[in-house]
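Every number here is computed from the coordinates shown, using simple stated rules; none is lab data. Note that the structure is predicted; figures quoted are calculated from it, not measured. Every residue, glycine as well, gets a Cβ built from its backbone with ideal geometry; the counts of neighbours run over all protein chains shown.
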Amino acid sequence: MYLDNKTFVTVVSNTPLVSIDLIVENARGELLLGQRKNRPAQGFWFVPGGRILKNETLAAAFERLTLNELGLKFSIEDATLQGPYDHFYTDSVFGDAPSTHYVAIAYRLRVAQLVNLPQEQHADYQWFSVADLLFEPQVHQHTKAYFLND
């Protein structure tokens, strides 16, 4: 269920949002990052993903998000749970305020090939090695956190 802006700004102002982040790896061990179009993390390289909707199971959210973010639908059984992470931002989709808190549930997903990646949330996509993404200043700190203990 999607919320109207008035309701959603109240939610963002007062509660954490729950999301799924997709750590997508190709056969060469490179990770897919997209350059974010929207706040929060606008302009940064970030893993694909998105919010879980009210009354949506994790499995259904995973399928919806992989289709919307990767252009192909994958099952949650295709992925490995990496774990939950806190993401705190000083801004939100609404602008400089309110701040945003996500509880992001990270899943690792190996893919053979992706073509025609959707451009709704990301202006561009790029495959990064772990070493390169950890070194790149435009990769967001919350994305880097997924690889600091690798």
(request) Calculate how steeply helix 58-70 sits against the longest principal axis of the alpha-carbon atoms of the chain, using the helix alpha-carbon long axis, and give the answer as 0 to 90 degrees to the nearest 10. (result) 70
(request) Return a single number: how many Lys pairs in the chain, at a sequence separation of 8 or more or on separate chains, have alpha-carbon atoms below 23 angstrom apart. (result) 5
(message) Under a Cβ-only charge scheme (Lys and Arg +1, Asp and Glu -1), can you give me the dipole magnitude of the chain about the Cα centre, in debye to the nearest 20?
(response) 220
(message) Taking loop as defined by DSSP and a crowding limit of 14 other beta carbons within 10 Å, which chymotrypsin sites (Phe, Trp or Tyr not before Pro) in region 1-91 fit?
(response) 2
(request) State, as an integer percentage, the relative contact order of region 1-91 based on alpha-carbon contacts under 8 Å between residues 6 or more apart. (result) 23
(request) Would you give the gap between the C-alpha center of region 133-150 and the C-alpha center of region 5-19, rounded to a whole Å? (result) 26
(request) Rounded to the nearest 10 degrees, what's the angle between the helix 5-14 long axis and the longest principal axis of the chain, both from Cα atoms, 0 to 90? (result) 80
(request) Tell me which residues come under 5 Å, amide H to amide H, from residue 44 once H is placed; ignore anything under 5 positions away on its chain. (result) 36
(message) Could you derive backbone 3J(HN,Hα) for region 128-141 from the dihedral phi with the Karplus parameters 6.51, -1.76 and 1.60 (θ = phi - 60°), listing whole Hz in sequence and x where the residue is Gly or Pro?
(response) 10, 6, 4, 4, 5, 5, 5, 7, 6, x, 8, 7, 5, 4
